[in-house]
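The values are calculated or read from the model by the stated rules, or taken from the named source; none is laboratory data. Predicted model only: the values in this text are computed from it and were never measured. Because the Cβ atoms are built from the backbone with ideal geometry, glycine has one as well, and the counts that use them run over all protein chains shown. Surface areas here come from the heavy atoms of the whole protein model, side chains and all, with no ligands, DNA or RNA. Shrake-Rupley method; radii C 1.70, N 1.55, O 1.52, S 1.80 Å.
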Amino acid sequence: MDTVIKEARLTGRDGLVDIGIEDGVIVAIEPRLSGREEIPARGNLVSPSFYEIHIHLDAILTEGDPRPNESGSLWEGIAIWAERVKRLTPEDIRGRVMKALPWFVAHGVTHIRSHVDVCDPKLTALRALLAIKREVADLIDIQLVAFPQLAVYSFEGGEDLMREAISLGVDVVGGIPHYEITREYGVEQIRYVMRLAHEAGLPVDVHCDETDDDHSRFLETLAAETIRLGMGGRVAASHTTAMHSYNNAYADKIIGNLRRAGLHVICNPPDNAVLQGRFDHYPIRRGLTRVRELLAAGVNVAAGHDSVMDPWYPMGCGDPLHTAFVLLHLGHMSGRADRRHLFPMLTARPAAIWHNRRVTGEEGLAGHGVAVGNPADLIVWPVPTEDDALRTLPPRRFVLKRGRVVAETRPGTTTVRGAPVHFLREAAS
Ligand code: FE2
């Protein structure tokens, strides 16, 4: 065999196994394999790699430029971005993106879906990112979403720019219906986006109802269009934070229709934790979509970071575990039954969105995971369990993309009074 990961611990399986890899694919999972290259897991967790399913690479690492977001609000962030976007050049984008991409790879990300602002007559960011995508393909797979940040019908030339972005070669058609001036424009935008995607044979990922306004109800139109056009499995709604504020009867209706449509939901806990609830006086809403209820209903829900050091979110280092950590807290997902969803929301669930697979409950999640026949996109951890990873957010020991090591972290040692500290209840191996 080309490569064998020795003494791996897999979630949901007792004992240790070796993982055999040939031509970038997992070909065997059993004890005592041998290969030309051997990677020691030493009894620690081996998990599937991460899909960072929602990020904005064009804005990444712009925090503080041209000025910091003093209030931390969405609106000050949009105002700062409107100033910053005028200075975008291919070199500027390239410099920031090439700096940030290794951060994601180091944390186990093998696939990254980036929305790109296409409200720019020159489409500077999109052209630059299309070139970068080709250049880094052996390191990380990138999908680009045509994202009309300033809307389609409320922005001059918005419709044509979306068409041009598609002709340049985006992978996904995006949208932002709640940002239109009127509700009618928003509904029209959803229909336009879905029509464009259907004609072009592309999937859809819409920023949908990212507001605390409980009257923001574009998700129902997105679900209806998905059903009408038979696009189940090919449509995702990002954020959907208004669902937090819907009355329970309406939320129940919409969740049922999302399931019926086969529509995916992508929540974005780090950004929405700080951007939502800004109009509230106590109690302040959390602003996260109804993750537990959606999962319980069998809707596919994945989690994305949204931002790393941009006008909307000043923190982050490209680690999807931060997303899961925030979600565990703000989504009330600390119970054992809920915690088991957190890793799949960074791995198998976003992978199903990436590959346009329809998911109901656990069905449709099999294509990405530590199983024979799947791509060897893997993370070797320095800790034995998913809980230990979420608790300690450790550096990733090895990251493999298609069976090849693309990132490695040498373990450090911390001592207190000369004794090593390892943050595990049981002795570390
Ligand atoms: Fe976003």
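Quick notes on this one:
- Counting heavy atoms of the protein chains alone, His215 has an accessible area of about 130 Å² for a 1.4 Å probe.
- Per-residue SASA entry for Met243, accessible area with 1.4 Å probe, Å² rounded to 10: 0
- Note that the chain presents 42 Å² accessible area per residue, ligands and nucleic acids not counted, probe 1.4 Å.
- Segment Asn248-Arg391, extension gain: residue separation times 0.36 nm, minus the distance between their alpha carbons: 48.2 nm
- Element breakdown for region 50-354 at a 1.4 angstrom probe: carbon and sulfur atoms account for 53% of the accessible area.
- All other residues whose Cβ lies under 9 angstrom from that of Ile29 are scored, Lys and Arg at +1 and Asp and Glu at -1, for a net of -1.
- Alpha carbon centroid spacing (whole Å) that separates region 183-224 from region 287-353: 22
- Using C-alpha pairs below 8 Å separated by at least 6 residues, the relative contact order for the chain is 19 percent.
- Low-density loop positions, GluC sites (Glu not before Pro), region 333-429 - DSSP coil, at most 16 other Cβ in 10 Å: Glu362, Glu426
- Among the chymotrypsin sites (Phe, Trp or Tyr not before Pro) in region 269-329, those located in a DSSP loop and surrounded by at most 15 other Cβ atoms within 10 Å of their own Cβ are Phe279.
- Shape call, region 50-354: gyration tensor on alpha carbons, a/c limit 1.5: rounded
- Overall, region 50-354 carries a charge dipole of about 900 debye about its Cα centre when +1 sits on the Cβ of Lys and Arg and -1 on the Cβ of Asp and Glu, all other atoms neutral.
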